[in-house]
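Q: This structure is in structure tokens; I'll ask about it shortly.
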Amino acid sequence: MSNVNASIETDASRAPWVDEVWDKIIGKVERMSQSIGADFPYISYNGKYKSEEADWWTNGFWPGLMWLVYRENKVEELKDTAAQIEALMDPVLTDYYPLHHDVGFMWSLSSVAQYKLLGGEVSKRRAMTAASHLVGRYNARGQFIRAWNQPERVGWAIIDCMMNLPLLYWASEESGDPRFKHVAALHADTTLREFLRPDGSSHHIVCFDPETGERQEALGGQGYSPDSAWSRGTAWALYGMALSARYTGDQRYINAAKRAAHFFLANVPEDGLPPWDFRAPWEEGMAMDSSASACAASGMLELSLLVPKSESELYRSAAEKLIFKLNEKYTAWDDPNEEAILRMGTANRPKQAHVNNPMIYGDYFFAEAVCKLRGVHDTFW
Ligand code: GLY
């Protein structure tokens, strides 16, 4: 557990713009905490974040964003608001039915974050409860973690789940019980085999027979088609594989993260803003997804710590360039009436849901990547 009172060691060799952006993030998050408070912001419309129900998968990102800032500026109000949100999610944790595989997103960035920074039995118990639920979703025949709850989706797994695995690795480290990490690694192995393509792109959904574990088919899901390349899915694969590599040291996960990183970099436009799917036909008013770039950048910064020194700079500088470009064109610093940090995210293009809007996880990954560019690499994942 790190000590919140210890001073944060930043890397003095960083570019000056990185500190300027970080200062803007601090100011913005302090203002957001006034206007949003203890709530579940998801997508911003006309400058205001709209909130979701307590079980929504993105509910960890707002407390996570406040913890990133609190870690450095120690503003008590941020801590208190983040802690209140964690408590507001308790009914979800005890109700069972609303829980899904995204307990990792939800409780890594809230309870694990608070626990890593401040300790506390209540946060630890919440995160262990969430990890126990996630392990309970494991299908031993197919060696995958079930994503969603609808009866017809009992055999479905999705690429996003790679970001839920750190909760399991953390639970093994905390409890001394290796079962959590065994399940995480088996799911990561299935993802390597069944989701990731040789070119570094990924399926969104793969369906298995829940009785036999046999692979049935891949689905397009939030991507354009089963064989397309949903850009946020590539980012989930990249960052998720890097995180599994960090916890296990498995070179296969590092190689997979590298493949995903190279695919992302080969396809992202020069201004750092990817289309929602790298293989979707271009159209007027194309749906773009800044959250994919922010997440990919943070993932590349994680990867830069896992590869030999000779390769590290490649991933660090690629991430820096992405964040520089996003900051230059797609941040909302110039608009005092916009609550969000990052514009132009797309939640779900096939459903036409929230296209080219700011999204709370875009804000989170952008801020997390900026922290890493400053040399602060400890993460809540
Ligand atoms: N995890 C859901 C999404 O990426 O939209």
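Q: Do you know which residues across segment 334-356 are over 19 Å from the mean Cα position of the chain (by Cα) and away from the ligand (no atom under 15 Å from the Cβ)?
A: Result: 334, 335, 336, 337, 338, 339.
Q: A follow-up question, please. Could you give every pair whose Cβ atoms fall below 7 Å, whose first residue belongs to segment 158-183 and is in contact (Cβ under 8 Å) with a residue 40 or more places away in the chain, and whose second residue is of a type in the set (Ser, Thr, Tyr) and outside any helix (DSSP H, G or I), counting only separations of at least 6 or pairs across chains?
A: Partner pairs satisfying both residue conditions: 159/202; 183/138.
Q: Counting only residues that are crowded, with 20+ Cβ neighbours inside 10 Å and part of a helix (DSSP H, G or I), how many does segment 81-91 have?
A: Here the count works out to 5.
Q: Can you find, within segment 198-220, the residue that is surrounded by the fewest Cβ atoms within 10 Å (Cβ to Cβ) among those that are part of a loop (DSSP other than H, G, I, E, B) and within 15 Å of the ligand (Cβ to nearest atom)?
A: Keep residues of segment 198-220 that are part of a loop (DSSP other than H, G, I, E, B), which gives 198-201, 203-204, 209-214, 220.
In the following step, the residues that additionally are within 15 Å of the ligand (Cβ to nearest atom) were identified as 203-204, 220.
Numbers: 203: 26, 204: 25, 220: 16.
Step by step, filter segment 198-220, then rank; the result is 220.
Q: A follow-up question, please. Give me the residue from segment 221-245 that is outside any helix (DSSP H, G or I) and within 12 Å of the ligand (Cβ to nearest atom) and, out of that set, surrounded by the fewest Cβ atoms within 10 Å (Cβ to Cβ). Break it down stepwise before answering.
A: Initial filter on segment 221-245 (outside any helix (DSSP H, G or I)): 221-230.
Next cut, within 12 Å of the ligand (Cβ to nearest atom) only: 221-223, 230.
Numbers: 221: 22, 222: 24, 223: 29, 230: 32.
Looking at the filtered set, the residue picked out is 221.
Q: Return yes or no: is residue 70 surrounded by 16 or more Cβ atoms within 10 Å (Cβ to Cβ) and either of a type in the set (Ser, Thr, Tyr) or at positive phi (or both)?
A: Yes, satisfied.
Q: May I ask you to verify whether residue 67 is over 16 Å from residue 334 (Cα atoms), away from the ligand (no atom under 16 Å from the Cβ), under 20 Å from the mean Cα position of the chain (by Cα) and in a helix (DSSP H, G or I)? Please lay out each step first, then the result.
A: On the way: over 16 Å from residue 334 (Cα atoms): yes; away from the ligand (no atom under 16 Å from the Cβ): yes; under 20 Å from the mean Cα position of the chain (by Cα): yes; in a helix (DSSP H, G or I): yes.
For residue 67, the condition - over 16 Å from residue 334 (Cα atoms), away from the ligand (no atom under 16 Å from the Cβ), under 20 Å from the mean Cα position of the chain (by Cα) and in a helix (DSSP H, G or I) - is met.
Q: Quick one: would you say residue 164 is within 13 Å of the ligand (Cβ to nearest atom), closer than 16 Å to residue 93 by Cα and not small (Gly, Ala, Ser)?
A: In short, yes.
Q: Going through segment 92-128 one residue at a time, which ones are exposed (fewer than 14 other Cβ atoms within 10 Å of the Cβ) and either of a type in the set (Ser, Thr, Tyr) or within 15 Å of the ligand (Cβ to nearest atom) (or both)?
A: 94, 96, 97
Q: Here's a follow-up. With 62, 56 as the choices, which residue is in a loop (DSSP other than H, G, I, E, B), of a type outside the set (Ser, Thr, Tyr), closer than 30 Å to residue 148 by Cβ and within 16 Å of the ligand (Cβ to nearest atom)?
A: Criteria check complete, one pass: 56.
Q: Are any residues in segment 42-55 of a type outside the set (A, V, I, L, M) and surrounded by 18 or more Cβ atoms within 10 Å (Cβ to Cβ), and if so, which ones?
A: Correct list: 42, 44, 49, 55.
Q: Okay, next question. Which ones in segment 167-177 are more than 16 Å from the ligand (Cβ to nearest atom) and out of contact with any Pro (no Cβ under 8 Å at 6 or more places or on another chain)?
A: Hits for segment 167-177 are 168, 169, 170, 171, 173, 174, 175, 176, 177.
Q: Here is a list: 88, 93. Which entry is more than 18 Å from residue 381 (Cα to Cα) and touching a His at 6+ places or on another chain (Cβ under 9 Å)?
A: Answer to the check: 93.
Q: Also, I was wondering about something else. Please tell me if residue 78 is in contact with a Cys (Cβ under 8 Å, 6 or more places away or on another chain), assigned to a helix (DSSP H, G or I) and in contact (Cβ under 8 Å) with a residue 24 or more places away in the chain.
A: no
Q: Collect the residues in segment 131-161 that are within 16 Å of the ligand (Cβ to nearest atom), within 21 Å of residue 60 (Cβ to Cβ) and not basic (Lys, Arg), keeping them in residue-number order.
A: 134, 145, 147, 148, 149, 157, 158, 159, 160, 161
Q: Next question, about the same structure. In segment 267-285, what count of residues is obtained for those that are closer than 19 Å to residue 221 by Cβ, buried (at least 16 other Cβ atoms within 10 Å of the Cβ) and free of Cβ contacts under 8 Å to residues at least 60 places away in the same chain?
A: Residues meeting the conditions: 3.
Residues are listed down the side, and each one gets a yes or a no for (1) aliphatic (A, V, I, L, M); (2) touching a strand residue (DSSP E or B) at 6+ places or on another chain (Cβ under 7 Å):
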residue	(1), (2)
325	no, no
333	no, no
347	yes, yes
353	yes, no
364	no, no
376	yes, no
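Just so you know, all these numbers are worked out from the coordinates, no wet-lab data involved. It should be emphasised that the depicted structure is a prediction, and the values quoted were computed from it without experimental measurement. As a convention, Cβ positions derive from the backbone with ideal geometry for all residues, glycine included, and neighbour counts pool all protein chains shown.
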